[in-house]
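No value in this document is a laboratory result; all are computed from the given coordinates. All values derive from a computational prediction rather than experimental measurement. All Cβ positions, even for glycine, are placed from backbone atoms using ideal geometry, and neighbour counts span all protein chains on display.
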Amino acid sequence: DQQVKQNSPSLSVQEGRISILNCDYTNSMFDYFLWYKKYPAEGPTFLISISSIKDKNEDGRFTVFLNKSAKHLSLHIVPSQPGDSAVYFCAASVSSGGSNYKLTFGKGTLLTVNP
Amino acid sequence: DAGVTQSPTHLIKTRGQQVTLRCSPKSGHDTVSWYQQALGQGPQFIFQYYEEEERQRGNFPDRFSGHQFPNYSSELNVNALLLGDSALYLCASSPGERYEQYFGPGTRLTVT
């Protein structure tokens with residue numbers, strides 16, 4: 001039973017346009033969400049996160065939106081650049097007293113940004 | 001500042017053998033987690049170590065065990081290797097109570 005789902009295996013966008021990556025979750029106990037980017041032959045790189053007490057978090061070209069009622073989050077990249085081409089993973093965590101516990105990942109979405 | 005480092009980079013083992021993978025966390029980080037990533041899948045949580053003790057464990061058999069040393073580095077041991085253990089093994093570290101985990105480049109294990 002996959003608790004974090006990324007239903008689009010791949011996404012292709014033009015340079016300069018917006019990239020929107022989507023993620024759904026089923027476990028209502030999740031209260032912290034993260035996005036990671038992964039290039040081939042490298043480990044995942046942390047991009048941006050959001051707590052369940054917020055509905056938006058922005059960092060430069062990256063914005064994450066959280067819709068708790070729909071159990072849905074999305075990552076927006078504006079403007080998209082060819083260097084953004086990578087696999088993007090959505091991850092979720094259940095926090096407990098501020099402690100850092102396991103991350104549950106989706107299967108990833110391959111983003112290709114065309115020049 | 002060195003990030004998370006893992007060794008070896010690649011490893012080929014035979015079914016039934018045992019393997020040890022090593023991880024050094026990012027400077028200032030005291031919590032280490034291990035993940036298994038099969039081809040086409042997202043990373044799956046194996047276990048997490050803090051203060052030299054296993055704090056949480058995922059759905060992996062007892063063949064998977066670990067250890068954390070006083071300098072916060074960690075080892076992952078897998079006994080009686082199966083073909084299905086072939087995967088990328090990722091180590092991640094974090095500074096105590098922070099939620100963001102920082103990953104190393106991984107060890108690619110192939111079991112033949």
For region B:3-112, which trypsin sites (Lys or Arg not before Pro) are both in a DSSP coil and crowded by at most 14 other Cβ atoms within 10 Å? B:15, B:63, B:98
Can you give the log10 of the normalised intensity I(q)/I(0) at q = 0.10, 0.12, 0.20 Å⁻¹, computed with Debye over equal Cα scatterers of chain A? -0.27, -0.39, -1.07
Enumerate the amide H contacts of residue A:86 below 5 Å, restricted to partners 5 or more residues apart or on another chain; note that Pro and chain-start residues carry no placed amide H. A:111
Note: region B:5-112 at 25 °C, 0.890 mPa s; Kirkwood Rh on alpha carbon pairs; Stokes-Einstein D in µm²/s works out to 179
For the protein assembly as shown, the dipole about the Cα centre with charges only on Cβ (Lys and Arg +1, Asp and Glu -1), to the nearest 20 debye, works out at 540
Given the candidates B:83, B:34, B:8, the one whose Cα lies deepest towards the positive end of the charge dipole of chain B, counting +1 at each Lys or Arg C-beta and -1 at each Asp or Glu C-beta, is B:83
From the cross-link list A:71/A:107; A:68/A:102; A:107/B:26, which pairs have alpha carbons spaced over 23 Å apart? A:107/B:26
Against the rule of thumb 2.2 N^0.38 Å, how large the Cα Rg of the protein assembly as shown comes out: 1.01
